[in-house]
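What follows is a single structure, written as structure tokens, with notes after it.
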Amino acid sequence: MGELRPLGEHLTPESRALAVALRELFEGLEVSVRRYAARRVRDAGTFSRYLGGSRIPPWEVVMDLFTDVAEHRGMAATPDAIELVRRLHRTAVETSGSPRHAVEVLEQQLAEADRVSRRSTARGDALGDALLDRKHRIADLEVRLNQLEAEWSAERQRAERLAAANPDVTELLHERDQLHDEVTRLSAQLHEAQKRRDEAEQRCALLERQLDAVENVQQAAVAVSPAAPRAMPKVLIVDDQPDNLLAMTAVLSTLDQELVAVPSGREALKALLDHDDFAVIIMDVQMPDMDGYETAAHIKRRPRTHDVPIVFLTAMGTDPEHSARGYAAGAVDYIGKPFDPWVLRAKVAVFTGIYLEQRRLAGGR
């Protein structure tokens with residue numbers, strides 16, 4: 001394992017381009033694969049597969065390589081060079097359809113959501129402490145002011161003398177008002193931080209469920225021998241984000257159905273012309289050029305595809321305005337982003353069952 005192995009066979013163009021770039025970086029270290037793997041406490045076989053193109057490394061492995069090459073040469077890599085390799089890495093990940101790469105994408109999203117949650121929690125704790133301090137100071141000022149006001153009401157003349165003897169009363173009132181304003185501002189910031197933390201925690205929970213679903217797919221693929229092919233209907237997935245397509249394809253791959261994944265509304269219309277056995281369409285709402293509502297309207301105008309159920313996938317929520325527009329376009333249901341893998345599979349299974357029952361009844365006539 002001292003020398004670089006040849007590039008792997010049957011590589012995609014994207015994986016080959018990334019592997020070539022990584023090999024050029026590594027050759028600048030002038031060490032063997034085994035020695036470098038030992039230096040970074042990594043498995044030499046795995047690192048060799050990274051350089052051979054058969055595995056796509058995590059981005060932190062690529063950044064470690066940039067750091068080591070810069071240290072060896074005494075000169076840091078340019079931002080353009082790092083950005084070029086970053087684009088090659090992103091393209092290689094997006095074009096890979098294996099569940100393992102789906103896990104890597106979801107793990108990166110989970111790490112980002114966890115960072116947001118931890119930052120929001122720390123921010124919330126700091127705001128909570130500041131808010132509590134301001135409230136204590138306000139309570140102290142209220143006590144002092146109440147004492148002064150009680151003395152004023154007991155004896156007006158004495159209160160006037162007291163005011164003359166305590167010229168800082170006006171300053172105390174002003175300080176109290178300022179603290180009230182600061183409490184209002186801190187309360188709003190604390191509420192926003194808590195909201196971001198709750199949203200990040202919910203995203204973490206859903207991403208962990210997606211990871212469980214994808215990993216279960218991998219285990220099932222290893223443990224179960226291929227079953228005899230069945231005449232199952234197809235599922236059409238429409239989303240302009242490659243990460244979303246990859247995650248949904250991995251989650252739905254256990255349903256023994258052919259999954260047709262396309263990145264736009266126009267590609268969806270083309271797929272519906274090529275096939276006529278779709279049980280359900282899972283479609284993103286927000287897409288460039290032709291959004292989900294417009295695509296659904298085109299689908300419902302065609303007699304051939306009029307009855308195919310459409311489930312919208314949206315991050316905009318399900319308020320009455322969006323719901324009314326979606327149902328007017330022909331949707332039968334909504335799923336929010338980030339999606340719950342069990343809910344997505346359950347909905348697809350229901351519409352598949354309806355499709356199979358309708359086909360059975362049509363065949364019995």
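The values are calculated or read from the model by the stated rules, or taken from the named source; none is laboratory data. Keep in mind the model is a prediction, meaning the values are calculated, not measured. Neighbour counts run over all protein chains shown; Cβ positions are idealised from the backbone, glycine included. SASA here: full protein model, heavy atoms, side chains in, ligands and nucleic acids out. Shrake-Rupley method; radii C 1.70, N 1.55, O 1.52, S 1.80 Å.
Just a few scattered comments:
- Placing +1 on the Cβ of every Lys and Arg and -1 on the Cβ of every Asp and Glu, with no other charges, gives the chain a dipole of roughly 1260 debye about its Cα centre.
- Once the Cα atoms are used to define both axes, helix 59-73 deviates from the longest principal axis of the chain by about 90 degrees.
- Whether the range 1-85 is rounded, prolate or oblate, judged on the alpha carbon gyration tensor where a/c under 1.5 counts as rounded: oblate
- Nearby lysines by direct alpha-carbon distance to Lys337 (threshold 23 angstrom, same-chain neighbours under 8 apart not counted): Lys195, Lys234, Lys347
- Distance from the C-alpha centroid of the range 348-362 to that of the range 272-331: 19 Å, rounded to the whole angstrom.
- Working from label points 7 Å from Cα in the Cα-to-Cβ sense, the His191 to Asp340 distance is 2.7 nm.
- Cα→Cβ-extended label distance, 7 Å offset, between Arg359 and Glu30, nm: 6.4 nm
- Remark: relative contact order (the chain) = 13 percent; criterion is Cα-Cα distance under 8 angstrom and separation of 6 or more residues.
- Solvent-accessible area per residue in the range 10-59 equals 50 Å², computed with a 1.4 angstrom probe and all protein chains kept.
- Net length gained if the chain between Ala122 and Glu201 were fully extended (0.36 nm per residue, minus Cα distance): 27.1 nm
- Sites Val143 and Thr12 - FRET efficiency at Förster radius 51 Å, r taken between beta-carbons, to 0.05: 0.10
- Taking GluC sites (Glu not before Pro) in DSSP loop conformation with at most 14 other Cβ atoms inside 10 Å as exposed sites, the chain has its longest uninterrupted site-free stretch at 31-154.
- For the chain, the longest principal axis of the C-alpha atoms and the axis of helix 320-329 are separated by about 20°.
- Cα gyration tensor shape of the chain, rounded if a/c is under 1.5, else prolate or oblate by comparing a/b with b/c: oblate
- Relative to the dominant Cα principal axis of the chain, helix 156-165 is inclined by about 70°.
- Simple rule: put +1 on each Lys or Arg Cβ and -1 on each Asp or Glu Cβ in the chain, find the dipole, and look at Leu132, Pro57, Met232; the Cα lying farthest toward the positive end is Met232.
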